[in-house]
Amino acid sequence: MEWQGLFSLLLTIGALMTLMLTRIGPHLVMAGVMIILLVSGVLTAEEALSGFSNSGLITVAAMFVVATGIHASGGIELVVRYFLGRPTSVRRAQMRVALPVALFSGFLNNTPVVATMIPALRAWAKQIDMPTSKLMIPLSYAAILGGTLTLVGTSTNLVVNGQYQSLTGEAGFSLFSITAVSLPVAIIGLIFMAIFFPRWLPDRREKALFGNLREFTLEVAVAADGPLVGQTVEQAGLRNLKRIYLVEIDRGGAIVPAVASEEPLQAGDRLVFAGDTEAISDLLRIKGIVPSTNGEPTLGREHSERRLVEVVISPHSNCINQTIRDSQFRERYGAVVLAVARNGERVAGNLGTIKLKPGDTLLLEARPAFVSRQKYNKDFLLVNDLNTEAPRHQRAYLAWAILLTVVLIAALGVLPMLHAALLGAAVMLLTGCCSAPQAQKSLDPTVLLTIGSSFALGAALDKTGVAHWLGELTVGLSNGRPWLILILVYLCVSVLTEVITNNAAAIIMLPVVLKITENASLNPDPYIFALMIAASASFATPLGYQTNLMVYGPGGYRFNDFLRVGLPMNLLIGVATVMVLALGWPLVL
């Protein structure tokens, strides 16, 4: 191995350690690796940037737009209305959720599917008197299992297929190539969920995180004859209070939300504060502040000027590990944090000093425009507007027809998957199933940058001989046993997926897997299918897969809840995948 190979190997190890031990975003790490490989001369400019023109990456982007068309047209809510019904047991309710979600996730990106289903399931759970904690993890796991069913079910399958075409020059896999292995595995996973999840998942229906506004907000009034009349919020000393902060002003029935520091106070203003409600005594010591005489809480009434919104903090948020006060949340997003929930419980005390973590659920008060601005903001995994009605469904049937046409065109070979996806995205825009801004926001730049940059590292491992060396090492460790190599491939990709992103893990490992199969004269197909499924089958932690993190807060879960049901799922899906591949495919050419 020459210096380029050793350098690429050390760079790979350094990138993996950085992703595991720091909070630097995967897109920044992989982009940095790409730049280093380019500047050092290990890769040419064409090789380093080839990932951004890869057909798999472009197909991922196009399918994001197709999924947004279904999401924006209310297509998922349409399914909820007609398919969920009124089950009489927890097991039936879980299967009513899991079966259609798994099916839809086979053809749609599972993130918008889960994002749309969460508020719908919460409303449905109330109707059937079922705790949401019994439904949210099955929703996420079903979406993960469904994503493995087809080539377009998850971005990982698409980019692996695109990289496979680039490395081998072969035509690649068809839309349903992986279905023969993933369908029985998904069925096994769903049966396991139906048998054990009704008893294993917690019942936390009694803990409505933000059910009683009085628990975390308090109201006072500005005395008509007091010294605060005419002063701004900051001049009155109401901006930098330690235990609470000002949320909104009720002024004669009109609402002033997300109050600015320069807002002047008027006589009779009702001031709504959030935080430690025991701080009411501190407020009443301020001259000019008197108790509010109206018994009905202001936040309990609907106002056109205000929205109550729930959001889930993303791992990519700029506010991670910052306090709400230090992150300047109000100035950054134009919204005020009313309460924070973590591990299934509301975090009490001083809101300003709470450090935000991935998966935290925030109850916000914001202006109506907040929802449209932040719906696709990558700082938030979920934006649930508590004041709005269900979307209109006038284009839902059309959106489903477009998706079905895309699938048929690709499955029948009329057009390649890339062409079919691009055509579907264009028709979604032209027919108004989604708007141009919605389509633009659906193109997650961090995901696309991670995928495009990861191709550079995969190319370097292949070009410098590192993949060949690792392949020989793996064959040697397994003594050439094909079934043991299959287990090692699945296990390695599964572990990498838990500590880095699933796309990066798959792209880095594919050149190694191809060299392993070449060195041992093995059939590459089952090993690539194992790689695809292992990269997606992440159940054990809320941080392992994005949909897990999305349901973490809304389901009222704790970290151990995922370990209790997720570790057995990881083991079961791994064993099932290896057995199906070993029994159904020839491992040796």
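For every residue, the table says whether it meets (1) assigned to a loop (DSSP other than H, G, I, E, B); (2) without any contact (Cβ under 8 Å) to a residue 60 or more places away in the chain; (3) not β-branched (Val, Ile, Thr).
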position	(1), (2), (3)
476	no, yes, yes
504	no, no, yes
512	no, yes, no
540	yes, yes, yes
565	no, no, no
574	no, no, yes
577	no, no, no
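From the list 93, 123, 98, 102, which one is over 15 Å from the mean Cα position of the chain (by Cα) and surrounded by fewer than 23 Cβ atoms within 10 Å (Cβ to Cβ)?
Residue meeting the stated conditions: 123.
Within segment 292-310, is even one residue in contact with a helix residue (DSSP H, G or I) (Cβ under 9 Å, 6 or more places away or on another chain), among the hydrophobic types (A, V, I, L, M, F, W, C), at pLDDT 80 or above and surrounded by 21 or more Cβ atoms within 10 Å (Cβ to Cβ)?
yes
Considering only residues that are of a type outside the set (Gly, Ala, Ser), farther than 22 Å from residue 444 by Cα and surrounded by fewer than 21 Cβ atoms within 10 Å (Cβ to Cβ), which ones fall in segment 331-352?
Hits for segment 331-352 are 331, 342, 343, 345, 346, 347, 350.
Take residue 37 and decide whether it is buried (at least 18 other Cβ atoms within 10 Å of the Cβ), among the hydrophobic types (A, V, I, L, M, F, W, C) and either in contact with a strand residue (DSSP E or B) (Cβ under 9 Å, 6 or more places away or on another chain) or not in a helix (DSSP H, G or I) (or both).
no
Among residues belonging to segment 446-475 that are crowded, with 18+ Cβ neighbours inside 10 Å and of a type in the set (D, E, K, R), point out the one that is nearest to residue 66 (Cα to Cα).
462
Filter segment 220-248 for residues that are of a type in the set (A, V, I, L, M) and either over 20 Å from residue 260 (Cβ atoms) or not in a loop (DSSP other than H, G, I, E, B) (or both) and give the result.
Passing the criteria: 220, 221, 222, 223, 224, 244, 246, 247.
Among the candidates 195, 187, 191, which residue alone is over 26 Å from the mean Cα position of the chain (by Cα), of a type outside the set (S, T, N, Q) and not in a loop (DSSP other than H, G, I, E, B)?
After applying the criteria, what remains is 195.
Of everything in segment 429-445, what is closer than 24 Å to residue 315 by Cβ and surrounded by fewer than 17 Cβ atoms within 10 Å (Cβ to Cβ)? Give them in sequence order.
Residues satisfying the conditions are 440, 443, 445.
Do we find a residue being at pLDDT 85 or above and within 28 Å of residue 116 (Cα to Cα) anywhere in segment 461-475?
There is no residue in segment 461-475 that is at pLDDT 85 or above and within 28 Å of residue 116 (Cα to Cα).
To keep it simple, each residue is scored yes or no on (1) small (Gly, Ala, Ser); (2) touching a strand residue (DSSP E or B) at 6+ places or on another chain (Cβ under 6 Å).
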| site | (1), (2) |
| --- | --- |
| 546 | no, no |
| 550 | no, yes |
| 560 | no, no |
| 567 | no, no |
| 584 | yes, no |
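Can we say residue 19 is in a helix (DSSP H, G or I) and within 24 Å of the chain's Cα centre (by Cα)? Talk me through it step by step, then tell me what you get.
Numbers: in a helix (DSSP H, G or I): yes; within 24 Å of the chain's Cα centre (by Cα): yes.
Judged against the criteria, residue 19 is a match.
Of all the residues that make up segment 44-68, how many are farther than 19 Å from residue 151 by Cα and crowded, with 22+ Cβ neighbours inside 10 Å?
The total comes to 1.
Mind listing whichever residues of segment 345-366 are in a helix (DSSP H, G or I) and hydrophobic (A, V, I, L, M, F, W, C)?
351
Within segment 313-372, track down each residue that is in contact with a Gly (Cβ under 6 Å, 6 or more places away or on another chain) and among the charged types (D, E, K, R).
325 - this is the single residue of segment 313-372 that is in contact with a Gly (Cβ under 6 Å, 6 or more places away or on another chain) and among the charged types (D, E, K, R).
Quickly run through segment 252-288 and pick out the residues that are touching a Ser or Thr at 6+ places or on another chain (Cβ under 9 Å) and part of a loop (DSSP other than H, G, I, E, B).
Hits for segment 252-288 are 260, 261, 262, 263, 265.
Only residues that are part of a helix (DSSP H, G or I) and either surrounded by 20 or more Cβ atoms within 10 Å (Cβ to Cβ) or not hydrophobic (A, V, I, L, M, F, W, C) (or both): list them for segment 478-491, please.
Those that are part of a helix (DSSP H, G or I) and either surrounded by 20 or more Cβ atoms within 10 Å (Cβ to Cβ) or not hydrophobic (A, V, I, L, M, F, W, C) (or both): 482, 485, 486, 489, 490.
Pick from segment 325-340 the residues that are outside any strand (DSSP E or B) and small (Gly, Ala, Ser): which of them is modelled with the lowest pLDDT?
So the residue we want is 334.
Restricting the search to segment 428-453, which residues are closer than 21 Å to residue 406 by Cβ and small (Gly, Ala, Ser)?
432, 435, 436, 439, 442 - these are the residues of segment 428-453 that are closer than 21 Å to residue 406 by Cβ and small (Gly, Ala, Ser).
Give me the residue from segment 551-589 that is among the charged types (D, E, K, R) and modelled with pLDDT of 90 or more and, out of that set, farthest from residue 204 (Cα to Cα).
Per the criteria, the residue is 564.
Please verify whether residue 70 is more than 23 Å from the chain's Cα centre (by Cα) and either in a helix (DSSP H, G or I) or under 22 Å from residue 163 (Cα atoms) (or both), treating the condition exactly as stated.
So residue 70 does not fit the description; no.
The values are calculated or read from the model by the stated rules, or taken from the named source; none is laboratory data. As the structure is a computational prediction, the values presented were derived from the model and not from experiment. Counting neighbours? That spans all protein chains shown, and the Cβs are built from the backbone with ideal geometry, glycine included.
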